[in-house]
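Read the structure below first, then the notes.
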Amino acid sequence: MKTAYRTHTCGELRAAHAGETVSLTGWVHRRRDQGGLVFLDLRDRYGLTQIQVSKDEQPDAHAAASGVRSEFVLKVDGLVRERPEGARNDALATGDIEVSVTAVTVLSESPTPPFEISGTDDVSDEVRFRYRYLDMRRPEVQKKLLLRHRMNMAVRDFFESQGFVEIETPVLAKATPEGARDYLVPSRLHHGKFYALPQAPQIYKQILMCAGFDRYYQLARCFRDEDLRADRQPEFTQLDLEMSFVEQEDVLQLIERLIQRLVRDIAVHPAELELPLRRIPYSEAMLRYGSDKPDLRFGLEIEDISDLAAKTEFKVFTGAIDAGGCVRGIKVPGAAQWSRKEIEACQPVAAIHGAKGVAWAKVTDDGLSGPVAKFFTDTALQERFATETGDLLLFVADASESVVAHSLGAVRLDAAKRRDLIQKNTFAACIVVDFPLMLPGDNEGEWVAAHHPFTSPHEEDMDLLETDPGKVRALAYDPVLNGVELGSGSIRIHRPDVQERVLKALGLPMEVIKDRFSFLLDALQYGAPPHGGIALGLDRIAMLLSGDDTIREVIAFPKTTSAVDLMSDSPSPVDTEQLDELGIATKE
């Protein structure tokens, strides 16, 4: 690591270097003035080295060191010495040595930072991201970005070993409907026309398959103008890949090996995932976990009790069933100790997903107690849940099976957190398969693609495309790790006639199909191979590997939940001249 400024990094020196003359550069992490001696902790991204400056031995260097403050950038020259017994620091890799300085050169000064780089005090995200260049000097932040670097290298090494070719696809692309709003880029040369920043390189990678590149991948930048949350940013990076002459299981076996390697080799708390990962059909995931991205680190599986509820006189339950709905519940071990207020805290969690309420019963030595206990006079309910004294049963009933599933899924996760049932520093993975090809839209008779409109239906469901699209299953799959969807993939439609049928089933007229997708349909006509692939969110994977709960922590320059870059104050207004050149007028 030798350069014109330094012979070693601040994390490199050991006892074996004692007696060597060295030059170090870095930031002042801490400064301790003991009169005749000044001690500096010099920091770079490689580590920390203690610097000693003696007034008696080096008065000029001591004078220079006396004037430095935190975050000054220094070059120091000196002699490596072993620290005396009792002064060694086992917490530091360089803790056996210090550098006795002969010269101190101030390369750059710094005002007092808005927060201590060396401190452990909590700093608000607003301050951190406003001064992100300071925040990223902190070792804990650097470790996350370095983990991400190692993850990217591991991904590239893996796909190189599997015969894949890395190919870049355009960032200025054609706007196509893929689920979220596009970021549009106006054309200066063609007023009134726009490029779209890619939500994903979906069509391009399918065309690469038509071009004969049977194994493609890239670490692609993607853009979606959608509401943000902990695992979403307006721009993100995904591992994008596509393979020709494959069936679904070929893709899944490849991707689960990659996930296994990353969890084993890159995670802060490494683990060995057992392969093959469990395949869970979408319908089973919604029934048992109330989520298409189930967290398998704890139990609390959902039970359908519609058959038992139908025999009761509880009108909330029977009314939901008579309306074509269902009644389901979960058992929370040991939660019978919850107060009524603690139980009622489940209500707003379920209400977010449309549930009108959460019914409950406690299991006591004398049987059930609580609001619904009187409606279950035998032991069938306890037997269904295999209850023990001290358990709490929570129920949701609704005419919509979707409302019941999503509401109980949210209650399940909330209860696990409140009961501290989620094992820390562990990994549980699965792959959800057999998603519906289409979902009902906002308008009567409208259908939207569950993943994207290029996903292949199951061959045996093809005849339902025009008659009952809601029952068509997709050859689609989502890897899930610790309740986080890592990405989505599918076997693609490679026949132009099938692609047209799917686009028509989604309500697109032929003139729209030809305008938006003619280049893909043309490519499919010229001998397209069967193909499939997947896109994995690298930000989300890095978040899980580093043990964080938001992707902002593993992104160098993240945006806030309102899509603002606080450091650069972006987005920002532009000059009227620029807008005129683009043929754009803004509304107040």
Restrict the check to region 483-492 and report whether at least one residue is among the charged types (D, E, K, R) and open to solvent by less than 30 Å² (accessible area, probe 1.4 Å). yes
Looking across region 225-244 at residues that are out of contact with any helix residue (DSSP H, G or I) (no Cβ under 9 Å at 6 or more places or on another chain) and open to solvent by 10 Å² or more (accessible area, probe 1.4 Å), the single one that is farthest from A428 (Cα to Cα) is D225
Consider only pairs whose beta carbons are under 6 Å apart and that are at least six residues apart or on different chains; among these, list those whose first residue lies in region 259-273 and is open to solvent by 10 Å² or more (accessible area, probe 1.4 Å) and whose second residue is of a type in the set (K, R). I266/R150; P270/R264; E272/R264
Starting from region 468-479, keep only residues that are of a type in the set (D, E), then list their pairs with residues that are open to solvent by 40 Å² or more (accessible area, probe 1.4 Å) whose Cβ atoms are within a distance under 8 Å, requiring at least 6 positions of separation or different chains. D478/D292; D478/K293; D478/E485
Kindly check whether there is at least one residue in region 249-272 that is outside any helix (DSSP H, G or I), out of contact with any His (no Cβ under 6 Å at 6 or more places or on another chain) and either among the β-branched types (V, I, T) or closer than 24 Å to R473 by Cα (or both). yes
Between residues in region 228-257 that are under 19 Å from K293 (Cα atoms) and residues that are outside any loop (DSSP other than H, G, I, E, B) and of a type in the set (K, R), which pairs lie under 7 Å by C-beta distance while being six or more apart or on different chains? D231/R540
Pair list, Cβ < 6 Å and 6+ apart or interchain, from region 373-402 residues that are more than 18 Å from D304 (Cβ to Cβ) and touching a residue at least 24 places away in the same chain (Cβ under 8 Å) to residues that are assigned to a helix (DSSP H, G or I) and open to solvent by less than 10 Å² (accessible area, probe 1.4 Å): L392/A335
So A415 clears everything in (1) touching a Leu at 6+ places or on another chain (Cβ under 9 Å); (2) in a strand (DSSP E or B); (3) of a type outside the set (D, E) except one condition, right? Which one? (2)
Consider R221 against the criteria (1) open to solvent by 30 Å² or more (accessible area, probe 1.4 Å); (2) touching an Asp or Glu at 6+ places or on another chain (Cβ under 7 Å); (3) not in a strand (DSSP E or B): it satisfies all of them except one. Which criterion is unmet? (3)
May I ask you to list the residues in region 274-302 that are without any contact (Cβ under 8 Å) to a residue 24 or more places away in the chain and either part of a helix (DSSP H, G or I) or of a type in the set (K, R) (or both)? E284, R288
Quickly run through region 167-183 and pick out the residues that are at pLDDT 95 or above and surrounded by 13 or more Cβ atoms within 10 Å (Cβ to Cβ). I167, T169, V171
How many residues are surrounded by 14 or more Cβ atoms within 10 Å (Cβ to Cβ) and touching a helix residue (DSSP H, G or I) at 6+ places or on another chain (Cβ under 8 Å) if we restrict to region 85-124? 12
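For every residue, the table says whether it meets (1) more than 24 Å from the chain's Cα centre (by Cα); (2) within 26 Å of A211 (Cα to Cα); (3) touching a residue at least 24 places away in the same chain (Cβ under 8 Å).
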residue: H452; (1), (2), (3): no, yes, yes
residue: M462; (1), (2), (3): yes, no, yes
residue: A505; (1), (2), (3): yes, no, yes
residue: L520; (1), (2), (3): yes, yes, yes
residue: Q525; (1), (2), (3): yes, yes, yes
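Collect the residues in region 318-344 that are out of contact with any Leu (no Cβ under 9 Å at 6 or more places or on another chain) and either open to solvent by 60 Å² or more (accessible area, probe 1.4 Å) or in a helix (DSSP H, G or I) (or both), keeping them in residue-number order.
T318, G319, A320, I321, D322, A323, G324, R340, K341, E342, E344
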Of all residues in region 1-38, count the ones that are out of contact with any helix residue (DSSP H, G or I) (no Cβ under 7 Å at 6 or more places or on another chain) and open to solvent by less than 30 Å² (accessible area, probe 1.4 Å). 12
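The values are calculated or read from the model by the stated rules, or taken from the named source; none is laboratory data. Here the structure is a predicted model, which means the values were calculated and not measured. We place every Cβ from the backbone using ideal geometry, glycine too, and count neighbours over all the protein chains shown. Side chains are part of the model used for accessible areas, which takes the heavy atoms of the whole protein and leaves out ligands, DNA and RNA. Shrake-Rupley method; radii C 1.70, N 1.55, O 1.52, S 1.80 Å.
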